[in-house]
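Got a structure here, written out as structure tokens. Questions coming.
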Amino acid sequence: MRQAAFVLILRRTLRIWTWSGRKLVQVEMEIKSLTITDFADAVRLHQASFPRKEIERTIFGGKNIVNFLQNLTMHAGTTGGHQFIGSFQKGRLVGYSYIRLIDESCHLNYICVDQDFRKQGIGIGLMQAWRAIGERYNKSLWSLDVKADKGALIRWYEGFGLRTTHESYIYEVVQAGMKDQAVPLHFIPDWAQAEAFQEAYGFSRFTLHVKNHGRYDIRRIGDDILIAESMLREGVIHALKSLFPGARLFVQSPEALDDDRYSFAAKSVRMCTPTLELNGP
Ligand SMILES: CC(C)(COP(=O)(O)OP(=O)(O)OC[C@H]1O[C@@H](n2cnc3c(N)ncnc32)[C@H](O)[C@@H]1OP(=O)(O)O)[C@@H](O)C(=O)NCCC(=O)NCCS
């Protein structure tokens, strides 16, 4: 089906052929980096493109997300590696993508197109821009993560040559009966910054040190805490529960866990390719 979208690259403007009723019409779409005045529209588009529950587990569920993204672009020199591309038709933002440059990889964090403008080749145009950014920054890999239950989307990505390289599971920790145990000695060296960030945006990152149990990088979104560790020692769980009493605690594991203390929440797959195919299958 991808051949249906006949795409010509004209500098930063693409001309795509699409059906309007029974007529094949040519539409002009401009692809360019988002500027700070575009982020309110990009966030609106993003929030309309995903189910509310899915949004809540990401930074796009946080408050002041527009302001956060504006800061990322204004301070690109220090925050580094965040790229936002928009697709515009007659000046209106109809699709956007959020790309991260991480090590050797050009990683697609998000791509979304306005519901009323889908299946017109705008997604393909944004994938072209993704490839161009990877090439410009000499990246050797294009990568993305996608929820494992999104079969149609995975097939769409496969059409661009992306292949699943590994899986990742998220579990909620459901641990009872810890109330009477002593909480191990622990501290968060970046507590003040993390709390300020949490207050400003509704999400944060910090490092937790637990005596005799090591050091953990933690992500907090709203009242959800996520640790990229599979089997957590009880002391660490206990420390986090005492620090954030109302929070739900999630772990990320590279394999499926069969353990009563962990309740399945989500599965995602990492897809990669060293050469992004844009002509379709
Ligand atoms: C995934 C997504 C970005 C695709 O955007 P899109 O603009 O609809 O993508 P395209 O139009 O370029 O291609 C989609 C399909 O439409 C077809 N198409 C493109 N132009 C067409 C045209 N003129 N006529 C008919 N079909 C066309 C393509 O061939 C493709 O078909 P395929 O799925 O069989 O390969 C969009 O569906 C979306 O925003 N989804 C919700 C958010 C999301 O899940 N994002 C991904 C996770 S971050």
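Across segment 89-100, what is the number of residues that are crowded, with 17+ Cβ neighbours inside 10 Å and under 20 Å from Ile59 (Cβ atoms)? If you could, list the steps in order and put the result at the bottom.
The first filter runs over segment 89-100 and keeps only residues crowded, with 17+ Cβ neighbours inside 10 Å, leaving 89, 93-99.
Remaining after also requiring under 20 Å from Ile59 (Cβ atoms): 93, 95-99.
The number of residues fulfilling the criteria is 6.
Please determine, by comparing only the residues of segment 132-159 that are outside any strand (DSSP E or B) and touching a strand residue (DSSP E or B) at 6+ places or on another chain (Cβ under 7 Å), which one is nearest to the ligand (Cβ to nearest atom). It would help to see each step written out before you state the result.
Looking only at segment 132-159, we keep the residues that are outside any strand (DSSP E or B), and these are 132-140, 148-159.
Then keep just the ones that are touching a strand residue (DSSP E or B) at 6+ places or on another chain (Cβ under 7 Å); that gives 133-134, 137, 139, 148, 153-154, 157.
On the way: Ile133: 16, Gly134: 17, Tyr137: 20, Lys139: 19, Ala148: 12, Leu153: 5, Ile154: 10, Tyr157: 9 Å.
Selected residue: Leu153.
Let me ask something else about it. Any residue in segment 112-125 that is near the ligand (Cβ under 6 Å from one of its atoms) sitting within a Cβ distance under 7 Å of a residue that is in a helix (DSSP H, G or I)? List the pairs, counting only those 6 or more apart or interchain.
Cys112/Leu45; Cys112/His46; Cys112/Ser49; Val113/Ile122; Val113/Gly123; Ile124/Arg2
Tell me, which residue of segment 27-77 that is under 24 Å from Arg131 (Cα atoms) and among the β-branched types (Val, Ile, Thr) is surrounded by the fewest Cβ atoms within 10 Å (Cβ to Cβ)?
Thr35
With Ala176, Ala182, Ala192 as the choices, which residue is surrounded by fewer than 12 Cβ atoms within 10 Å (Cβ to Cβ) and modelled with pLDDT of 95 or more? Talk me through it step by step, then tell me what you get.
Numbers: Ala176 fails: modelled with pLDDT of 95 or more; Ala182 fails: modelled with pLDDT of 95 or more.
Within the list Ala176, Ala182, Ala192, the selection yields Ala192.
Shifting gears a bit: I'd like to verify a number: residues in segment 135-157 that are small (Gly, Ala, Ser), under 17 Å from the mean Cα position of the chain (by Cα) and within 16 Å of Ile102 (Cβ to Cβ), how many? Spell out how you get there, then give the answer.
Quick first cut of segment 135-157, residues small (Gly, Ala, Ser) only: 140, 143, 148, 151-152.
Keeping just the survivors that are under 17 Å from the mean Cα position of the chain (by Cα) gives 143, 148.
This time we only want the ones that are within 16 Å of Ile102 (Cβ to Cβ), so: 143.
Qualifying residue count, segment 135-157: 1.
I need every pair where a residue in segment 210-230 that is in contact (Cβ under 8 Å) with a residue 40 or more places away in the chain has its Cβ under 7 Å from the Cβ of a residue that is in a strand (DSSP E or B), sequence separation at least 6 or different chains.
From segment 210-230, the pairs are Ile221/Phe203; Asp224/Arg248; Asp224/Phe250; Leu226/Arg219; Leu226/Phe250; Leu226/Gln252.
The values are calculated or read from the model by the stated rules, or taken from the named source; none is laboratory data. Every value quoted in this text rests on a predicted model; they were computed, and no experiment measured them. Cβ sites come from the backbone with ideal geometry, for glycine too, and all protein chains shown count toward neighbours.
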